[in-house]
Each structure stands twice: as C-alpha cells, then as structure tokens.
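First comes the structure, then the notes that go with it.
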C-alpha cells in the first residue's frame, strides 16, 4: 500500500542542504548548522576529528531510512544499510542508531503473528532484564566491584542536572506535522537531547536534530507571516453566484477585515524573527568569536621556528597547520604514553609539571578556557580525561584526588589537588580581574560551569602569560628558562 504524499512532510530535511520540496526549511537548516558551535567544534572549523565524517554518515543513514519507510523501496533500504555501515566504520557512536530504530521488535512481532503472545514475550523479557540487572547492580555495589554512584550517574536519571535547555516551540510545531518523518525527527531530537544531558560531548549528536527541528519552526513561521503580507483584503460575498475564477481566488490567503492590525503584526513578528536569528551585542554590534584563529596567528607571528607547544591532543592538528609550530601531541598520536605524559603535566603541581615540560623541551603551553564566554568544550571540562590517561601510565596521578563525592568541582567545594594543579592555574590566572556577570564581584563566576570559583588570585612561578585571546577562550603561556644555579 502506497503512503499518501503530503506537501508539508519534512522528511527530506534529514538531508541538510538538498531539499527538493522544502527548500526554505532546508536552507534555514543549513544556515543554522553552519554556525552552530555544537557541530563546527568537531568539523573543519573545530578539532576536525573523525566525528566530522560520522555526523554526515549519521544524517545520511537517517535520510535513507526515512526514504525507505515512506516509499517501501528495497533500494532505499539497502542504501540505508550501506549508510549505516559507513557510520559504523567511522565512529563508535553508531550504537545511537541501534537504540533509535527498533527493527528487532518489529521482526519479533511479525514472527509471533499474535499481539497477545508478543506482549507476553515483551513483558517476560523486560521483567527478566530488570531483575537480572538489579541483582547484578546490587551485588556489584555491595562487593565494591562497582564504584559508588557519581553525579554523572545521577544525571543519567535526571539530565536536567546538566541545565540543558531545549527549544520547546519548534518541538511543538514539529509534532503538529503528523507524519512518519516528523515523528522520527522528534524521536531523534528527544533521545539525542537526553544523552547530551548525560554527557556534554554528545551535544554533537543533538545539534543536527535541534537545528532540524528549529528549521521547521522558523520556516513555517516565516512562510505564514509572509503569506499574510501578500494576502488580499477579504471582500464580503453577495449572492450565491460564483464566477469562473472564484475557485482560484478562494485558494488565496485573505485578510480578515475584523482584524485591521494583522498585516502590521506580521511585519513586526518577521522583524523579531530575523532579529533573533542574529547575534548582536548590547549596542547592536556583531559578536564574532574567532579566538582560535587569533591565537594560532599569534603563535605563527611571535614564536621561534623551533619552538614546541604543549596542549591537549584535541588541538594538535590546528596548532600545527595554522600556527606553524611543533606540538608535543596531536590528533594522530598513537603513543598512549606520550599523551599520558601531557595529561600528567596538566594534572600535577606547577613544580612537578615544570620538570616534565623541561624534559619535553616545551617552550609554550596552550589551554582552552570557557569560563568567560560559557564555552563548555574547554580543558576544565575535559580535565578528567587528562587525569585518567595520565594516571593510567603513572599511578601517582589518582582520579579520586581531584574529585569530591565523585564530582569534579572548581568552586569552594573543590579538592586541594584540583585547586593547585597546573590546569587550574593556567585557566583561572588573572580571572579575578574580570567581571563576568552583571552585579557580581570581579572574577567570581565561571559561566561554563555556573559556579563561583574558589581560588581567584593565582601566582605562577615557572610560567608567564604570553597571550590571551580577546574572549579568553585560548590562553598561551611561555615556559621560563631554568634559573642559574651555582
């Protein structure tokens, strides 16, 4: 049985820039994702890791899957399978697709061919899984095999702990378009948002869905408002006679004479929509965050040709290509010991870190800090991985030393080890001079972690600030030469 076609179905929005029947929404979607930090942070404008390819493969798989559902075509289904294979080959996040598409349940339902038998099968399996999982969790926790539950685990149950917001209006408008493709997009948006609330890195998966849903809402809103601007004044009909052009005229949008401000209201709302789609400062100036390019340009212009930079491996390719300078580790470093050494330096006290940097002939240290702008993908939020990788090679580095009740903190409840490690010092150095929130004291509020920091005035012994970008996102420090000893 063929499915009825609808002129409002947004299924083809899964293909971001190619949209046959919904060019308006497709263009809005492409514009949003082109400037959305959640995506470009892992694309050519960001760290350019394998996720840049994987997200394209993810959306391609979704697009082909929706086409297969709508058309019932075997060729589209095979295309979806090959798209999924491409996704699996590029990124470990392919399990998200498995969790979203319940083909196995549909197959079992078809095989059993009895709704009551299928419900019994489902009930028995779900109950068994819960019982086995609960017993295993209880035994593991009691025996100490499973570590105590942390804030990250509780955030799995309550993603709102991460303070993630979601565009409810676009979601409502998307749900109002009741089609298979729309339901799929909403499922994609809600599930990806949930997992992004658990782990901030998965905002990469949620970003296309949010842009997708927002594009539908923006496109539908603008299309309706512009139709009101082009509408004709409604003229009361006299008599029941209909001219030959009456059916054509009746299809046009008309304005209700009882609502004289309808056109002016549409103009005001359109202006408001376009205003909200632009980033402006308090005085109407454009807001451009170009700190990465700014920092790399400074490195290229102000450092010796034989200088070496130590940073976390995420920025290695960028620093080498755009800064024209050697890095200690980059995105292609397979030597885990090498990465662990950098992680150990960042996790150590300044004196210990200085010895490590001297052994690596490091001249500059680069860190990424989002406390001023609210940029969440900074080195403080990645710091636990530096601790874990560093501790995996050097047992002196122990993760519990940096945590309080299983949580990494930078406020007054932070651990002494965290407050005195090199990473904390380099990120919050001179932070006490800034006023980040209106009405707050200078250097007290970290916008990325939504807390007031504890240690506001920091002194450096073996490093000195060389350059900090205009929005404080990238900070570069020069390693001092060793003092002469008699």
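The values are calculated or read from the model by the stated rules, or taken from the named source; none is laboratory data. Owing to the predicted nature of the structure, the values given are computational and were not obtained by experimental measurement. For neighbour counting, all protein chains shown are included, and Cβ atoms are generated from backbone atoms with ideal geometry for every residue, glycine included.
Put simply, of 322, 310 the only residue that is in the same structural domain as residue 395 (by TED's automatic domain parsing) and either closer than 21 Å to residue 423 by Cα or in contact (Cβ under 8 Å) with a residue 40 or more places away in the chain (or both) is 310. Would you check if residue 387 is assigned to a strand (DSSP E or B) and touching a helix residue (DSSP H, G or I) at 6+ places or on another chain (Cβ under 7 Å)? Considered against the rule, which asks whether it is assigned to a strand (DSSP E or B) and touching a helix residue (DSSP H, G or I) at 6+ places or on another chain (Cβ under 7 Å), residue 387 comes out as no. Residues in segment 445-466 that are touching a strand residue (DSSP E or B) at 6+ places or on another chain (Cβ under 6 Å) and surrounded by 18 or more Cβ atoms within 10 Å (Cβ to Cβ): 445, 453, 463, 466.
Residue-wise test of (1) modelled with pLDDT of 75 or more; (2) outside the structural domain of residue 313 (by TED's automatic domain parsing); (3) within 19 Å of residue 212 (Cα to Cα); (4) assigned to a helix (DSSP H, G or I).
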{"residue": "34", "(1), (2), (3), (4)": "yes, yes, yes, yes"}
{"residue": "54", "(1), (2), (3), (4)": "yes, yes, yes, yes"}
{"residue": "60", "(1), (2), (3), (4)": "yes, yes, yes, yes"}
{"residue": "77", "(1), (2), (3), (4)": "yes, yes, no, yes"}
{"residue": "94", "(1), (2), (3), (4)": "no, yes, no, yes"}
{"residue": "98", "(1), (2), (3), (4)": "no, yes, no, yes"}
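Just one of the numbered conditions (1) at pLDDT below 80; (2) crowded, with 20+ Cβ neighbours inside 10 Å is not true of residue 18: (2). Taken over segment 406-421, the criterion of being surrounded by 20 or more Cβ atoms within 10 Å (Cβ to Cβ) and part of a helix (DSSP H, G or I) is satisfied by 418 alone. Whenever a residue of segment 61-89 is on the phi > 0 side of the Ramachandran plot, it has no partner that is crowded, with 21+ Cβ neighbours inside 10 Å and part of a helix (DSSP H, G or I) lying with C-beta atoms less than 6 angstrom away and at least six residues away or across chains. Hey, residue 64 hits all of (1) at pLDDT below 80; (2) in a helix (DSSP H, G or I) but one; which does it fall short on? So residue 64 meets the others, but not (1).
Going through segment 363-378 one residue at a time, which ones are in contact with a helix residue (DSSP H, G or I) (Cβ under 6 Å, 6 or more places away or on another chain) and either closer than 19 Å to residue 319 by Cβ or not in a loop (DSSP other than H, G, I, E, B) (or both)? Spell out how you get there, then give the answer.
At the first step, the residues of segment 363-378 found to be in contact with a helix residue (DSSP H, G or I) (Cβ under 6 Å, 6 or more places away or on another chain) are 367, 369, 376.
If the condition is that a residue be in contact with a helix residue (DSSP H, G or I) (Cβ under 6 Å, 6 or more places away or on another chain) and either closer than 19 Å to residue 319 by Cβ or not in a loop (DSSP other than H, G, I, E, B) (or both), then 367, 369 are the ones that fit.
Considering the conditions (1) at pLDDT 90 or above; (2) touching a strand residue (DSSP E or B) at 6+ places or on another chain (Cβ under 8 Å); (3) buried (at least 18 other Cβ atoms within 10 Å of the Cβ); (4) not in a helix (DSSP H, G or I), residue 427 is excluded by exactly one of them, (4).
Check 401, 351, 355 and return the single one that is under 22 Å from residue 481 (Cβ atoms), touching a residue at least 12 places away in the same chain (Cβ under 8 Å) and surrounded by fewer than 17 Cβ atoms within 10 Å (Cβ to Cβ). Give the derivation first.
Numbers: 401 fails: under 22 Å from residue 481 (Cβ atoms); 355 fails: touching a residue at least 12 places away in the same chain (Cβ under 8 Å).
Checking each option against the conditions leaves just 351.
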